[in-house]
Amino acid sequence: MNKSLLAAGISLLIPLITPLSSKAQLLPPDVLVNGASQSELSASWWQWGLSYPDGQNPIQDETGAYSHLGDQGSVFFLAGSFGNSVIRSVTVSSNQTLFFPLINTLSIITKNDETETGIRQDASDSIGIVNKLFLKLNGNDLPLPSSTNSLEDYRQFSPLFDLTIPDNSILRAFLVGGTYSSVSDGFWAALQPLKTGNYILNFGGETVGTGPYDGLPFNQDITYNITVKPVPEPALISGLITLGLLGATSLKRKKS
């Protein structure tokens, strides 16, 4: 059984694309995101992505109907695919970091004699040789931080983690529901919060497997049409709360 799961769009023009600003920045791969390393986030992404049932899973989604499931608070997960070109629409907030895979793979311990070392090698063979990685915003390559030379510097090896999947998961054809020790390997990106507006994000890559996957190609091309909505200013939130309290007090007096 092939334990490795590669999951990582064509650019689609939409009107009123927001010009790029200084806030459209790719974070270096060693920078923490909301207190977590990006390797830890890669494990969290898999725990998130495989927790949803077949037919309602954001990795399967071809339109963005389930893209809202990526909302994790200060971080927003964008899904990859199982090796196909996908165009999705999504709405995020202007205070959310976007986290997503350019190319990624998962390897799972399914037998008693399998080890962490073994599944790490399995994941590495599944990734194999990288031929191409790309990351564009509004049709332009995102500039790399000065501490990096290429997108290949963005490889993340997750810690060993527990992966719990439901019985009706997208893996049910060859894996029953339960909790499995797993590792993730791949290339990930964390994009700083974007200003309010509309954007086109396009990412993906091409790899060829090695070892037991020798010569097996994998291609991913994902496009997100992103609408970034504003977050209310603290003063406005405070004012709304105050108005709410005053309204409640007034109502109480009327009742009294």
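The values are calculated or read from the model by the stated rules, or taken from the named source; none is laboratory data. Source: prediction; values computed, not measured. Please note: Cβ atoms are built from the backbone with ideal geometry, for glycine as well, and neighbour counts cover all protein chains shown. Note: areas computed on protein heavy atoms with side chains; ligands, DNA, RNA excluded. Shrake-Rupley method; radii C 1.70, N 1.55, O 1.52, S 1.80 Å.
A few comments on the model shown:
- Per-selection metrics, segment 49-101 (Cα): Rg and Dmax in Å: 10.7, 30
- The Kirkwood hydrodynamic radius of segment 136-181, based on inverse pair distances between different Cα atoms, is 14.3 Å.
- Note on SER150 and ALA173: the extension gain reaches 4.6 nm, defined as 0.36 nm multiplied by sequence separation minus the Cα-Cα distance.
- PHE174 accessible area, 1.4 Å probe, all protein chains in place, Å² to nearest 10: 80 Å²
- Between ASP162 and SER94, the modelled labels are 4.1 nm apart [label points 7 Å from Cα along Cα→Cβ].
- Applying both filters, DSSP loop and at most 14 other Cβ atoms within 10 Å, to the trypsin sites (Lys or Arg not before Pro) of segment 145-226 gives ARG172.
- R0 of 35 Å, Cβ-Cβ distance GLU40-ASN198: FRET efficiency to nearest 0.05: 0.70
- Long-range Cα-Cα pairs in segment 153-217 (distance over 21 Å), rounded percent: 55 percent
- Accessible-area ranking of ASP141, ASP125, largest first, probe 1.4 Å: ASP141, ASP125
- Whole-percent carbon and sulfur share, accessible surface of segment 13-165, 1.4 Å: 49 percent
- Mean projected area of the Cα convex hull of segment 8-149, taken over all directions, amounts to 10.5 nm².
- Between amide H atoms placed 1.01 Å from N, distances below 5 Å from GLY64 occur with SER89, all of them 5 or more places distant or on a separate chain.
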